[in-house]
1. Any idea which residue in the stretch 62-90 is farthest from the chain's Cα centre (by Cα), counting only those that are open to solvent by 30 Å² or more (accessible area, probe 1.4 Å) and within 12 Å of residue 229 (Cα to Cα)?
2. Return yes or no: is residue 102 over 14 Å from the mean Cα position of the chain (by Cα), free of Cβ contacts under 8 Å to residues at least 60 places away in the same chain, more than 28 Å from residue 204 (Cβ to Cβ) and surrounded by fewer than 20 Cβ atoms within 10 Å (Cβ to Cβ)?
3. Quick one: in the stretch 31-51, which of the residues that are in a helix (DSSP H, G or I) and more than 16 Å from residue 106 (Cβ to Cβ) is nearest to the chain's Cα centre (by Cα)?
4. Look at the stretch 189-216 and say how many of its residues are surrounded by fewer than 20 Cβ atoms within 10 Å (Cβ to Cβ) and assigned to a loop (DSSP other than H, G, I, E, B).
5. Being more than 30 Å from residue 51 (Cα to Cα), in contact with a helix residue (DSSP H, G or I) (Cβ under 7 Å, 6 or more places away or on another chain) and touching a residue at least 24 places away in the same chain (Cβ under 8 Å): is that true of residue 175 here?
6. In the stretch 217-228, which residue that is surrounded by fewer than 20 Cβ atoms within 10 Å (Cβ to Cβ) and among the aliphatic types (A, V, I, L, M) is nearest to residue 137 (Cα to Cα)?
7. Among what's in the stretch 174-188 and is open to solvent by 40 Å² or more (accessible area, probe 1.4 Å) and modelled with pLDDT under 85, pick the residue that is nearest to residue 210 (Cα to Cα).
8. Residues that are on the phi < 0 side of the Ramachandran plot, part of a strand (DSSP E or B), at pLDDT below 95 and under 20 Å from the mean Cα position of the chain (by Cα): does the stretch 217-226 have at least one?
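The values are calculated or read from the model by the stated rules, or taken from the named source; none is laboratory data. Predicted model only: the values in this text are computed from it and were never measured. As a convention, Cβ positions derive from the backbone with ideal geometry for all residues, glycine included, and neighbour counts pool all protein chains shown. Accessible surface areas use protein heavy atoms only, side chains included; no ligands, DNA or RNA. Shrake-Rupley method; radii C 1.70, N 1.55, O 1.52, S 1.80 Å.
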Amino acid sequence: MNRLVRAPALCFALCVGLGIGLGSPAAWAAGRPSFDCAKARSAVEKAICADGALADQDASIGNRFGKARKSFDAATAKALTEDQRWFVQVRDEAYASPPGDGTPQKELADRLKYRDDFLASLVFKRRQGFEGDWENLAGGISIRKQPDGRLSFDGSAAHPENGRWVCDVRGVGAVKGGALVVETIDAEGWTLTLVRKGAGLALAERAPAGAEDAAGRPYCGLNGALGGVYFPVSRP
């Protein structure tokens, strides 16, 4: 289950050619985003306000995020808020400097759609145990029960702005004392421990005793990590 980082952008040339400044109310699109366009300050906010489709997508993100915060328990809502803040930071950085060959507007459009799809996939009915699909901004985890009763683990992640690091690990785990402990050849002695935290799933990584580089995960690129809170999602 590899999740690739997606990216997005906006074309100012048309507005400039028409003599309309993006900061002018005349440039705002008919769509209403999740914020007040009259108070738009950043380049991303102005870009969203100037494009009706982007404004509608942003509004959908705001509505879904608000519903999720109200539907989840306090701990999961807090974790999702932190994930959302990271999304906004990455969105703005990618718009300012698109990591690929696309325009800033395409970059922005892709990222808004990707985030909206993620929020739409969240499952609010309390999930029991560890089985299922779990995701956050950086990556995703799939956990399935095997015929022998153990749980298979498939996790992957990438830096959400430009994919400068990628993590990919598979293994099999067993529940011990309320936690799912995954050990795998891919991890070269590292242990992945997963515990339920409210509606979410918290993953912690532990280096083997005596590891020379406790910061370097063998299943990740430089400075990469899988650790964090993942949220329950429904995938086809």
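1. 75
2. no
3. Residue satisfying both the conditions and the ranking: 45.
4. 12
5. no
6. 225
7. Ranking the qualifying residues of the stretch 174-188, first place goes to 188.
8. Yes, the stretch 217-226 contains at least one residue that is on the phi < 0 side of the Ramachandran plot, part of a strand (DSSP E or B), at pLDDT below 95 and under 20 Å from the mean Cα position of the chain (by Cα).
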